[in-house]
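Here the structure comes first, spelled out in structure tokens, and everything after it is commentary.
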Amino acid sequence: MFNLYKFFPNKLTIIWGCILKRVLIVTETGDAWPSGHIRALIYKDLFAADGIEVRYVSRSLPWLTRMIEQPPNRIINKLFSLGLRWPLAYLHSKLAIAREMQIVRQAQGYDTIYLQKVNSWSLISTLRRETRARLVYDVNDGVWLPSRAGFAGGKFRDLLKTVDAVTCDNPFGLEFARPYNAHGFLVPDPSQVELFDQSRIRSNRADSSIVLGWIGSPATLFNLYSIWEPLEKLFARFDNITMRIVGTGYDRLLLPRFEKVRYTTLPFYSQPDLIREVLQMDIGLFPLFDVEDSLARGILKATVYMSGEACVITPPVGQNCQLIADGENGVLALSKGEWLDRLTTLVEDTDMRKRMAGAGLRTVREGFSLQHCYNQLLGALT
């Protein structure tokens with residue numbers, strides 16, 4: 001797609017600023033989900049710099065979402081397992097419905113309403129009926145897949161037909177949306193490289209071990225099973241490597257039953273935790289199964305590793321094939337044998353690993369900076 005920003009970035013930003021005066025950004029649950037921060041809240045200062053008035057509201061209560069999905073300690077998690085989670089989840093859903101009418105009242109007078117992963121057909125259909133604003137919907141994380149059939153009350157296709165435009169962080173989501181909405185915009189997720197740059201100096205580690213890292217959530221931990229065997233063989237071969245697994249939750253049964261893999265975990269993490277943890281990693285693990293769910297997840301995990309100068313290793317699935325130049329800014333590995341061979345090389349060849357990590361950092365600075373992603377979003381909002 002031809003990108004005018006490449007040639008006239010400053011002039012086009014001024015034009016969008018003249019057209020776009022007031023934007024209401026509705027997230028499903030604020031910054032309680034990483035997507036709410038990365039695809040909406042992170043742009044706050046850039047909107048202000050362009051003189052665009054932006055108001056942020058969330059359909060659900062962020063603090064209650066965190067309480068339910070990220071219990072602050074094992075005691076509360078145990079109470080949830082005994083049944084406390086269900087009444088809280090019921091309260092959570094009812095409060096979200098009650099907040100919808102408040103959002104509709106707040107929406108009056110806005111030029112554009114940007115709906116980031118909002119899980120409510122009723123809210124969007126009401127906004128269409130009660131406002132004259134341009135409605136832009138951000139679709140991500142595979143909410144269109146069969147496993148998410150109940151998303152937006154099962155009316156997701158009607159939702160796509162109702163809004164004026166659709167954004168997505170990957171082309172596979174836009175491909176799904178195209179039959180229902182022809183106005184699709186690819187808006188990559190910012191890698192947060194600017195925040196990594198602020199903390200670029202690594203803190204001294206107590207040992208000289210090589211850290212293999214994985215960062216995600218309990219819902220994506222299953223991907224580690226795809227490389228369980230290569231990891232066991234790798235750790236049997238080397239005694240100078242450790243593994244850090246970030247975002248595991250409290251249920252250890254979700255993890256592979258590692259035998260030789262030496263690992264530590266962090267149940268949940270904040271954005272500062274994310275920056276600190278990735279900056280301590282030497283190799284960023286991004287295993288995936290070759291299924292549509294993997295295609296729908298995008299490449300944010302890979303670009304986050306790159307931002308922290310961890311050398312990415314991932315299978316040639318989906319957008320990874322466009323992001324990773326194998327052996328230059330990262331490593332592609334498909335079979336279990338390839339994973340073991342490539343990981344072995346990364347552990348043994350420090351110079352090569354650091355060279356590829358440096359190239360990965362240049363990749364995200366060029367194509368996944370906050371300003372670049374913001375410019376793409378502006379095009380969709382106008």
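The values are calculated or read from the model by the stated rules, or taken from the named source; none is laboratory data. All figures in this text were calculated on a predicted structure; none of them were measured in a lab. Counting neighbours? That spans all protein chains shown, and the Cβs are built from the backbone with ideal geometry, glycine included.
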> List the pairs whose first member sits in segment 216-245 and is without any contact (Cβ under 8 Å) to a residue 12 or more places away in the chain, whose second member is of a type outside the set (G, A, S) and not in a helix (DSSP H, G or I), and whose Cβ atoms are under 9 Å apart, counting only residues at least 6 apart or on separate chains?
Replying inline: D239/R262
>> Exactly one of these conditions fails for E328: (1) at pLDDT 95 or above; (2) part of a helix (DSSP H, G or I); (3) surrounded by fewer than 20 Cβ atoms within 10 Å (Cβ to Cβ). Give me its number.
In response: (2)
>> Tell me which strands (runs of 3 or more DSSP E) are completely within segment 162-226 and hold 1 or more residues being of a type outside the set (D, E), modelled with pLDDT under 95 and within 17 Å of A40 (Cβ to Cβ), or say none if there are none.
In response: none
>> Go through segment 106-123 and report how many residues are of a type in the set (S, T, Y) and not in a strand (DSSP E or B).
In response: 3
>> Under 9 Å between Cβ atoms, which residue pairs at least 6 apart in sequence (or on different chains) link something in segment 317-334 that is acidic (D, E) with a partner that is in a loop (DSSP other than H, G, I, E, B) and surrounded by fewer than 18 Cβ atoms within 10 Å (Cβ to Cβ)?
In response: D326/P316
>> I'd like the full set of residues that are under 12 Å from F185 (Cα atoms) and touching a strand residue (DSSP E or B) at 6+ places or on another chain (Cβ under 6 Å), limited to segment 141-170.
In response: D164, A165, V166, T167
> Out of segment 92-131, which residues are within 14 Å of D158 (Cα to Cα) and aromatic (F, W, Y)?
Replying inline: W121
> Could you say whether any residue in segment 231-244 is surrounded by fewer than 20 Cβ atoms within 10 Å (Cβ to Cβ), β-branched (V, I, T) and under 28 Å from D138 (Cβ atoms)?
Replying inline: no
>> Against the condition outside the structural domain of T220 (by TED's automatic domain parsing), closer than 22 Å to K44 by Cβ, modelled with pLDDT of 95 or more and not in a strand (DSSP E or B), how does I103 come out, does it pass?
In response: yes
> Q116: under 30 Å from L20 (Cα atoms) and surrounded by fewer than 21 Cβ atoms within 10 Å (Cβ to Cβ), yes or no?
Replying inline: no
> Which one of these does R276 not meet: (1) of a type in the set (D, E, K, R); (2) at positive phi; (3) part of a helix (DSSP H, G or I)?
Replying inline: (2)
> Restricting attention to segment 351-382, which residues are without any contact (Cβ under 8 Å) to a residue 60 or more places away in the chain and surrounded by fewer than 16 Cβ atoms within 10 Å (Cβ to Cβ)?
Replying inline: D351, M352, K354, R355, G358, R362, E366
>> For a quick check of your reading of the model, give me the residue pairs whose first member lies in segment 89-102 and is within 15 Å of S125 (Cα to Cα), whose second is assigned to a helix (DSSP H, G or I), with beta-carbon atoms closer than 6 Å and at least 6 apart or on different chains.
In response: E100/L123
> What residue, of I215, I201, is among the β-branched types (V, I, T), within 25 Å of G358 (Cβ to Cβ) and buried (at least 19 other Cβ atoms within 10 Å of the Cβ)?
Replying inline: I215
>> Can you find a residue that is at pLDDT below 95 and farther than 21 Å from L135 by Cβ anywhere in segment 21-28?
In response: no
>> Every residue in segment 331-367 that is in a loop (DSSP other than H, G, I, E, B) and in contact with a helix residue (DSSP H, G or I) (Cβ under 7 Å, 6 or more places away or on another chain), please.
In response: A333
> When only residues in segment 230-272 that are outside any loop (DSSP other than H, G, I, E, B) and among the basic types (K, R) count, which is nearest to the chain's Cα centre (by Cα)?
Replying inline: R244
> Is there a residue being assigned to a loop (DSSP other than H, G, I, E, B), farther than 23 Å from N140 by Cα and modelled with pLDDT of 95 or more anywhere in segment 285-300?
Replying inline: no
> Do the conditions hold for V312, that is, is it part of a helix (DSSP H, G or I) and in contact (Cβ under 8 Å) with a residue 40 or more places away in the chain?
Replying inline: no
>> Anything in segment 32-58 that is within 19 Å of L381 (Cβ to Cβ) and in a loop (DSSP other than H, G, I, E, B)? List them, or say none.
In response: R39, A40, D50, G51, I52
